[in-house]
1. Tell me the relative contact order for the chain as a rounded percent, counting alpha carbon contacts under 8 Å between residues six or more apart.
2. Please report, in debye to the nearest 20, how large the charge dipole of region 5-67 is about its Cα centre when each Lys and Arg carries +1 at its beta carbon and each Asp and Glu carries -1 there.
3. Quick check: convex hull over the Cα atoms of region 326-442, volume per residue in Å³, rounded to an integer?
4. Work out the length of the dipole vector of region 73-193 about its Cα centre, built from +1 on the beta-carbon of each Lys and Arg and -1 on the beta-carbon of each Asp and Glu, and round it to the nearest 20 debye.
5. In this model, which of Lys78/Lys207; Lys261/Lys299; Lys11/Lys49; Lys248/Lys307; Lys35/Lys78; Lys23/Lys105 are farther than 25 Å apart at the alpha-carbon?
6. Run the helix sum for the chain: -39,500 (n - 2.57) per DSSP H stretch of 4+ residues, divided by residue count, reported at 222 nm to the nearest 500 deg cm²/dmol.
7. Once the piece of chain linking Arg240 and Glu41 is laid out straight, how much longer is it, given 0.36 nm per residue of separation minus the C-alpha distance between them?
8. Using a Gaussian network model of the chain whose springs link C-alpha atoms within less than 10 Å, name the residue from Ala403, Ala312, Ala179 with the highest mean-square fluctuation.
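Each value in this text was obtained by applying a stated rule to the coordinates, not by laboratory testing. Since this is a predicted model, take the numbers as computed values, not measurements. Glycine also receives a Cβ, built like all others from the backbone with ideal geometry; neighbour counts cover every protein chain displayed.
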Amino acid sequence: MDGLTNGTQTKHEQLMKYIENLKVGTKISVRTMAKDMQVSEGTAYRALKEAEATGLLSTKERIGTVRIEKKQRNNIDKLTFAEVANIVDGSILGGAQGLDKTLGKFVIGAMELDAMMRYIDAGSLLIIGNRQKAHSVALEQGAAVLITGGFDTSREVKELADELCLPIISSSYDTYTVASMINRAIDDRLIKKKIMLIEDIVSLRSKVIAAKSYNTVEELRRMVDETTHSRFPVVDEWNRVIGVVTSKDVVGESPDQSIDKLMTRNPATLSLDTSVASAAHLMVWEGIELIPIVDTSRKLLGVISRKDVLKAMQYAQKQPQIGETFQDLIWTGFDERREEDGTLTFTGIITPQMTNHLGTVSEGVLTTLMTKAAYRVIRDHRKHDAVLENMTSYFLRPLQIDAEIEIRPKLFEMSRKFGKLDIEIYHAGGLVAKSLITAQTLDHD
């Protein structure tokens with residue numbers, strides 16, 4: 001029964017559509033959905049789990065599974081109170097109906113009540129200890145409350161939280177730890193937000209022109225003339241991608257020859273949550289000009305060209321960088337100097353965070369420094385991004401904390417697609433590490 005389909009939709013796809021059409025706030029369970037849609041509970045369970053993973057559903061303690069508003073990519077840096085509760089391992093004391101509301105800012109209640117209220121407004125989160133008067137006043141101001149130290153609050157405050165649909169959360173961590181955990185989560189979201197995904201650049205509204213496996217060479221040539229495109233995804237009767245065909249594939253073939261004998265089968269495909277950088281690497285490395293975008297069932301959603309991907313990467317480079325990765329933090333403390341011969345040299349200090357358990361600098365940190373130096377030199381020569389293809393490293397001497405080092409990259413070969421470099425790290429005039437790097441350039445032209 002579960003394998004039956006309606007039109008071109010499988011049972012799983014019908015269940016996902018059913019969930020999407022539910023009103024926000026509707027409770028749902030495996031048993032009720034299985035009964036309503038006449039499927040097995042196993043099939044219903046798989047659909048519920050996928051809906052949770054894609055942000056359509058949320059399971060909350062003492063409430064159950066609820067349809068929620070799917071968070072958009074442009075709001076990815078905004079935390080909900082439910083997410084805050086998970087981050088701080090908190091328990092919900094009241095106001096559970098408001099867990100889907102978005103955190104605007106958080107205020108640490110380390111001041112007198114009157115002074116504190118000047119900073120609290122609707123959408124805020126007050127982080128405070130067991131000050132019950134402050135709890136109720138904050139709720140009345142439209143703010144949620146996070147109680148630190150594992151303290152409880154009064155029954156009246158819990159009832160007020162339920163009435164106003166504003167969460168009141170209790171966490172066993174202290175105020176400083178809670179604030180640090182929330183800050184870290186927000187910073188992680190900012191890093192994710194700056195990473196451009198395929199869903200950010202592909203249009204799902206425009207009609208995708210695809211060929212069918214039974215189309216003939218003559219029909220394909222007509223498609224080329226009508227669209228001016230030379231590459232097409234090939235789909236089956238269920239709109240699932242089974243191949244890719246180009247105008248070159250049919251050169252010299254009989255007009256009535258079907259393209260299923262000429263197309264490239266099992267082509268590379270991408271999902272909407274693939275990063276643009278990963279797509280660019282794949283397309284440059286494999287020499288692919290067009291890749292179909294598919295869902296989890298390999299149904300065609302759209303297509304993306306190599307030109308689209310590289311143009312998006314070029315755009316991303318011009319955007320302000322928000323949030324700091326470990327690579328950013330390691331590289332931030334290094335200064336760049338241009339020598340008289342035009343080459344670049346980088347100098348910096350080994351900090352305690354760069355060391356291993358033995359107190360010497362981590363080999364991973366040195367590898368990161370040499371890689372970052374190589375990328376910077378390639379960008380200086382070609383204005384292009386690069387991805388590491390091969391690296392051979394030699395670590396000759398240990399480096400201690402506070403050691404001042406100098407990174408000397410030498411570019412000895414640069415082609416349209418590759419750059420080869422010799423990177424050396426010196427301390428006190430002596431060579432301490434060396435690497436030979438081959439990097440693939442991502443041509444934006």
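1. 9 percent
2. 200 debye
3. Details: hull volume 11.9 nm³, N = 117.
Per residue, the Cα convex hull of region 326-442 comes to 101 Å³.
4. 420 debye
5. Lys78/Lys207; Lys35/Lys78; Lys23/Lys105
6. Numbers: 14 runs with 147 residues, N = 445.
Taken over the chain, the calculation gives -10000 deg cm²/dmol.
7. Using 0.36 nm per residue and subtracting the Cα-Cα distance, I get 69.0 nm.
8. Taking springs between Cα atoms under 10 Å, the residue moving most is Ala403.
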